[in-house]
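Encoded as structure tokens, the structure appears first; notes follow it.
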Amino acid sequence: MTTTVENTPETTTGVADARPGPFTRARRAIGGNTTLVNIVGLLVAIVLLYVYLTFNAVGFFTAANQSGLLRDAALIGVAATGMTLVIIAGEIDVSTGPAVALSSVVAASAISQWGLPTWLAIILTLTIGTAWGSLAGILRARFAVPSFIATLGLWSVLRGLAQFVTNALPVQIPDADPVMDFLNGDVLGIPTPAIVMIVAFLVFGFIARKTPFGRSVFAIGGNAPAARLAGIPVRRVRVALFAITGFLGAVSGVLLTARLGSGNSTAANGLEFDVIAAVVVGGTAMTGGRGSLIGTFLGVIFITLIGNGLVLLGVNSFLQNVVRGVIIVLAVLLNVTLSRRRGAREDD
């Protein structure tokens, strides 16, 4: 005797009810992707900041201030591009500020005192910047000096060297310099430094996600010994990362020279904190192995908005440093919380 089981409306409905709906599936997908959660959260925060500052900070939404915002963002963003890769690899570079300052001094000195053409002075500056970045990488990769210690020493050397060479005085560049005027100008209404920043993010975003080198960076940050066993040249990758950071720091220094019309050994003071804050706020894990250039880009915009808004609101300059410190700590706490939740879901 054969028993036939029919698909009654009740059983069909029960099966359908057991399946999660599209909204539930989307929520679970977003919740499991910490990078996406961070990007969405930053976009919301940036929009809210824009709305608040537009109505409460006098002069915020003017064309001049928006142009200044982009120029400030470019100074942080170009350096933050390299810093993102370094932190993804589980390292850190705290020498960014002095590196940018010394680069500005080298560029200005090469133009006004050494008599080099501007284009050649820029190439020289970028080469020297890459060299001292490589030095930090060699200390880390070849001699196993912790990156924090290596770049902290470099921080002191670069700042002291810049002040010694200039006696802490600005090095002026000629007023009529077509190349520097272009770097400080606009292209179709967009500040040139902002275009340089966007190009840097696009180029290194592609490298990070679409090339073997980029995949090696994530692998080293996730588990360096395992990456070494897999055949990844960990030492060479680390040297290359710090060389890239030095190169991009020199680019920021050239842009700063064009903006100020001089090289200044005291410029970019504390820039490394804004750069690291932008990277961490953008969702890059300080422990390495996770991060995105899109998140860093939004983190740069967020940090720049905070700094600009605090100035326009008349907040005390010392208190501004407190706000930046709080932002860094909260961003790290958020990253740790999201990582733990993601790990708990994977364990389940």
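Numerical summary
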item	result
Relative packing of peptides 55-63, 136-144 - highest average C-beta neighbours within 10 Å first	136-144, 55-63
Mean Cβ neighbour count within 10 Å, used as a protection proxy, ranking 321-329, 305-313 highest first	305-313, 321-329
Cα gyration tensor, region 117-269 - rounded (a/c under 1.5), prolate or oblate	oblate
Dimensions in Å of region 251-296 - Rg and Dmax from alpha carbons	13.8, 40
Hull-based mean projected area of region 211-348, where the convex hull spans the alpha carbons, in square nanometres	10.9
V179 versus I198: modelled label distance in nm, points set 7 Å from Cα along the beta carbon direction	2.4
Most fluctuating residue given options L43, L293, L255, as computed from a GNM of the chain linking Cα atoms under 10 Å	L43
Carbon/sulfur fraction of accessible area - the chain, other protein chains in place, 1.4 Å, %	68
Under 5 Å, built H, 5+ apart or other chain: amide partners of D186	T192
Value of relative contact order over the chain, rounded to a whole percent, pairs C-alpha under 8 Å and six or more apart	32
√(5λ) per eigenvalue of the Cα gyration tensor, region 195-268, largest first, Å	32, 14, 7
Three-way shape label, region 237-314, alpha-carbon gyration tensor, a/c 1.5	oblate
Cβ-based charge dipole, region 175-276, positive-most Cα from N223, V251, I190	N223
Cα gyration tensor shape for region 101-190, rounded if a/c is under 1.5, else prolate or oblate	prolate
Simple spin-label estimate for V329 and L260 in nanometres, 7 Å along Cα-Cβ	3.1
Candidates V234, V279, V106, ranked by Gaussian network fluctuation over the chain, Cα under 10 Å, top entry	V234
Electrostatic dipole magnitude of region 248-348 [Cβ: Lys, Arg +1; Asp, Glu -1; Cα centre; debye, to 20]	80
Inter-probe distance in nm under a simple model that places probes 7 Å from Cα toward Cβ, at N269 and N167	2.0
Rounded tilt (10° steps) of 192-210 against the dominant C-alpha axis of the chain	50
Accessible area per residue in Å² at 1.4 Å probe, computed on the chain	50
The chain: C-alpha pair distances exceeding 29 Å, %	45
Between 0 and 90°, nearest 10: helix 147-166 axis offset from the chain longest Cα axis	30
Rounded to whole Hz, the Karplus (6.51, -1.76, 1.60) HN-Hα couplings of region 41-54, x for glycine and proline	x, 5, 4, 5, 5, 5, 4, 5, 4, 4, 5, 5, 5, 4
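The values are calculated or read from the model by the stated rules, or taken from the named source; none is laboratory data. As the structure is a prediction and not an experimental result, all values here were calculated from the model. For neighbour counting, all protein chains shown are included, and Cβ atoms are generated from backbone atoms with ideal geometry for every residue, glycine included. Just the protein is used for accessible areas: all its heavy atoms, side chains included, with ligands, DNA and RNA removed. Shrake-Rupley method; radii C 1.70, N 1.55, O 1.52, S 1.80 Å.
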